[in-house]
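Written below as structure tokens is the structure these notes are about.
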Amino acid sequence: MTDAIYPQARIVSARFLRPDTVEQLLNRLVQVGGILRMSINGPSIPTTVPYGPARGKPNPHPDRKVIHVGDQDVLLQVQVGTIILELEDESYIAGIREAVDEVFAEKDFTCAVQQGRYMKSQPTISDYAKYGPDADREILGLVDPRKKDGPIIIQGTK
Amino acid sequence: MAYKPQFGPGTSKVAENRRKQMNPKQKLEKMRDVTDEDIVLLLGHRAPGAAYPTAHPPLAEQQEPDCPIRKIVTPTEGAKAGDRVRYIQFADSMFFAPCQPYQRTYTEMYRFRGIDPGTLSGRQIVECRERDLEKYSKELIETELLDAARTGIRGATVHGHSLRLAENGMMFDMLQRSVLGEDGIVRYVKNQIGEPLDRAVAIGKPLDEKWLKDHTTIFHSLGGTAYRDDKEYIEYVQRIHSLRTKYGFMPKE
């Protein structure tokens, strides 16, 4: 959550993405640059079986794996379906569209790039009650601020 | 005049498919072969080859009370042997899966005996005696009621029926019980509750998009038959809704 209103974009594919496609797409986005914050969304892939008679047993899942983005390793904890971006300015959106078109050119499904407001701009009363006054505003509304592992920082070229 | 069931209203292809599945006189098309042992592995209730655990002694060995209903109803094989009650549960993708929860319940009620189905928005469970369950499961899995990619055999953690499909066309499953192999065949690597299997169970190739759209029982305004396009279906549902709403006021048509 920042005071200045930065433009935001959302990348929505018609299908859930495989980890290698995500890796390819994110690396292409990092090349475009101008990204302040990024959140990758989708249904969670838990480490253990959450419900039922097998509850608590390990859940090996081929799509829960580490991908390499920029100069960092990222552990995918979700099956990626949506990517939300906060950009320095609107001029980067054209580059993002181009990058997405390039990655999805050979796929048999489409992927849309939308512009709008997709990140929480102000903490709500519930956020205050849940996380207190000192919650990290950078990640509030994107992930649970109580999570121990913080955001992954990918160094830009500036 | 003898009663002749109509099974359901509608003039569309979807309505016709629904009637076809429900009608017990219509033989369901067999799409794949799955062995009895594979079914037992998928269900995960007992080890293959193990005896059926029982909930009560066989009916022949116990004293039955003098009851007119018991004289009319023939017990199923499982009930006769005193089997435990066990279940199978399915999740069907909204992207043109060949069956869906309500439809499954109707179909099973017309076709099977001694069952207790539970219908929810995204999943449908059917409970019955273990021996009968294995027989019914075989029919549910081998026939056109199941598609390897868009139907999931999921005892728990069913999330996925209303989500986008994965890149390879499989329905999302956070436990990834079934995996689409390089050879295009779907194999279950975990049983329905998510415990890894000793060996993978192959259930064949996913059906193609055209077949699914021809055989689906789901109305879908994006890419399929829209519900609003089936006037007869709408008229019937509106009539039932209206009669139910006015019930307390003695409805007269």
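The values are calculated or read from the model by the stated rules, or taken from the named source; none is laboratory data. Just so we're clear, the structure is a prediction, and the values are computed from it rather than from any experiment. Neighbour counts are summed over all protein chains in view; Cβ atoms, including those assigned to glycine, are modelled from backbone coordinates with ideal geometry. Heads up: the accessible areas ignore ligands, DNA and RNA and are worked out on the full protein's heavy atoms, side chains in. Shrake-Rupley method; radii C 1.70, N 1.55, O 1.52, S 1.80 Å.
Given the criterion within 14 Å of chain A (Cβ to nearest Cβ) and in contact with a helix residue (DSSP H, G or I) (Cβ under 8 Å, 6 or more places away or on another chain), identify the matching residue among B:Ile153, B:Ile141, B:Ile193, B:Ile203.
When all the criteria are applied, what remains is B:Ile153.
Go through A:Asp63, A:Asp73 for me and flag whichever is open to solvent by 20 Å² or more (accessible area, probe 1.4 Å), within 12 Å of another protein chain (Cβ to nearest Cβ) and acidic (Asp, Glu).
From the options A:Asp63, A:Asp73, the qualifying one is A:Asp63.
Of everything in the range B:199-253, what is over 19 Å from the mean Cα position of the chain (by Cα) and on the phi > 0 side of the Ramachandran plot? Give them in sequence order.
Answer for the range B:199-253, where residues must be over 19 Å from the mean Cα position of the chain (by Cα) and on the phi > 0 side of the Ramachandran plot: B:Gly223, B:Met250.
Across the range B:51-79, what is the number of residues that are touching a residue at least 12 places away in the same chain (Cβ under 8 Å) and not in a loop (DSSP other than H, G, I, E, B)?
The total comes to 6.
Residues that are under 17 Å from B:Tyr188 (Cα atoms) and either under 10 Å from the mean Cα position of the chain (by Cα) or without any contact (Cβ under 8 Å) to a residue 40 or more places away in the chain (or both): does the range B:119-127 have at least one?
No: zero hits.
Just checking, does the range B:102-118 include any residue being assigned to a strand (DSSP E or B) and of a type in the set (Ser, Thr, Tyr)?
No, that holds for no residue.
Restricting the range B:207-225 to residues that are in a loop (DSSP other than H, G, I, E, B) and within 14 Å of another protein chain (Cβ to nearest Cβ), which is most open to solvent (accessible area, probe 1.4 Å)?
B:Leu222
A:Tyr51 is checked against (1) in contact (Cβ under 8 Å) with a residue 24 or more places away in the chain; (2) under 26 Å from A:Asp144 (Cα atoms); (3) within 11 Å of chain B (Cβ to nearest Cβ) and fails just one. What number does that condition carry?
That leaves (1) as the condition not met.
Within the range B:1-21, which residues are over 23 Å from B:Leu207 (Cβ atoms) and open to solvent by 90 Å² or more (accessible area, probe 1.4 Å)?
B:Met1, B:Tyr3, B:Lys4, B:Gln6, B:Thr11
Under 9 Å between Cβ atoms, at least 6 apart or on separate chains: pull out the pairs that start in the range B:1-23 with a residue that is more than 19 Å from B:Phe96 (Cβ to Cβ) and end on any residue that is open to solvent by 100 Å² or more (accessible area, probe 1.4 Å) and of a type in the set (Asp, Glu).
Filtered contacts from the range B:1-23: B:Pro9/B:Glu235.
Confirm whether B:Gly82 is open to solvent by less than 60 Å² (accessible area, probe 1.4 Å) and free of Cβ contacts under 8 Å to residues at least 40 places away in the same chain.
Answer is yes for this residue.
For the subset of the range B:192-234 comprising residues that are in contact (Cβ under 8 Å) with a residue 24 or more places away in the chain and β-branched (Val, Ile, Thr), which member is farthest from B:Glu29 (Cα to Cα)?
Selected residue: B:Ile193.
Residues being open to solvent by less than 40 Å² (accessible area, probe 1.4 Å) and either outside any loop (DSSP other than H, G, I, E, B) or among the polar types (S, T, N, Q) (or both): count how many of those fall in the range B:27-50.
Result for the range B:27-50: 6.
Identify all residues within the range B:156-179 that are more than 11 Å from chain A (Cβ to nearest Cβ) and outside any loop (DSSP other than H, G, I, E, B); write none if there are none.
Hit for the range B:156-179 is B:Ser178, nothing else.
Based on this model, can you work out whether B:Asp183 counts as outside any helix (DSSP H, G or I) and either at pLDDT 95 or above or open to solvent by 60 Å² or more (accessible area, probe 1.4 Å) (or both)?
Taking the combined requirement at face value, the residue satisfies it.
Pull up the range A:5-25, narrow it to residues that are open to solvent by less than 50 Å² (accessible area, probe 1.4 Å) and in a helix (DSSP H, G or I), then point me to the one that is farthest from the other protein chains (Cβ to nearest Cβ).
Applying the filter and picking the extreme gives A:Leu25.
In this structure, does B:Ala148 turn out to be buried (at least 23 other Cβ atoms within 10 Å of the Cβ), within 13 Å of the chain's Cα centre (by Cα) and under 22 Å from B:Glu209 (Cβ atoms)?
no
Which members of the range A:30-54 meet the condition of being open to solvent by 10 Å² or more (accessible area, probe 1.4 Å), within 15 Å of B:Pro196 (Cβ to Cβ) and assigned to a loop (DSSP other than H, G, I, E, B)?
Those that are open to solvent by 10 Å² or more (accessible area, probe 1.4 Å), within 15 Å of B:Pro196 (Cβ to Cβ) and assigned to a loop (DSSP other than H, G, I, E, B): A:Thr47, A:Gly52, A:Pro53.
Here are B:Pro65, B:Pro53, B:Pro24: which of them is within 23 Å of B:Tyr87 (Cβ to Cβ), over 23 Å from the mean Cα position of the chain (by Cα) and open to solvent by less than 80 Å² (accessible area, probe 1.4 Å)?
Result of the check over B:Pro65, B:Pro53, B:Pro24: B:Pro53.
From the list A:Pro151, A:Pro123, A:Pro145, A:Pro133, which residue is more than 21 Å from A:Gly70 (Cα to Cα), open to solvent by 60 Å² or more (accessible area, probe 1.4 Å) and either in a loop (DSSP other than H, G, I, E, B) or small (Gly, Ala, Ser) (or both)?
When all the criteria are applied, what remains is A:Pro133.
Please go through the range A:118-135 and pick out each residue that is touching a strand residue (DSSP E or B) at 6+ places or on another chain (Cβ under 8 Å) and over 19 Å from A:Ala94 (Cβ atoms). Break it down into steps so the answer makes sense when it comes.
First pass over the range A:118-135, keeping only residues touching a strand residue (DSSP E or B) at 6+ places or on another chain (Cβ under 8 Å): A:118-120, A:123, A:127, A:131.
A:Met119, A:Lys120, A:Pro123, A:Asp127, A:Tyr131, listed by residue number.
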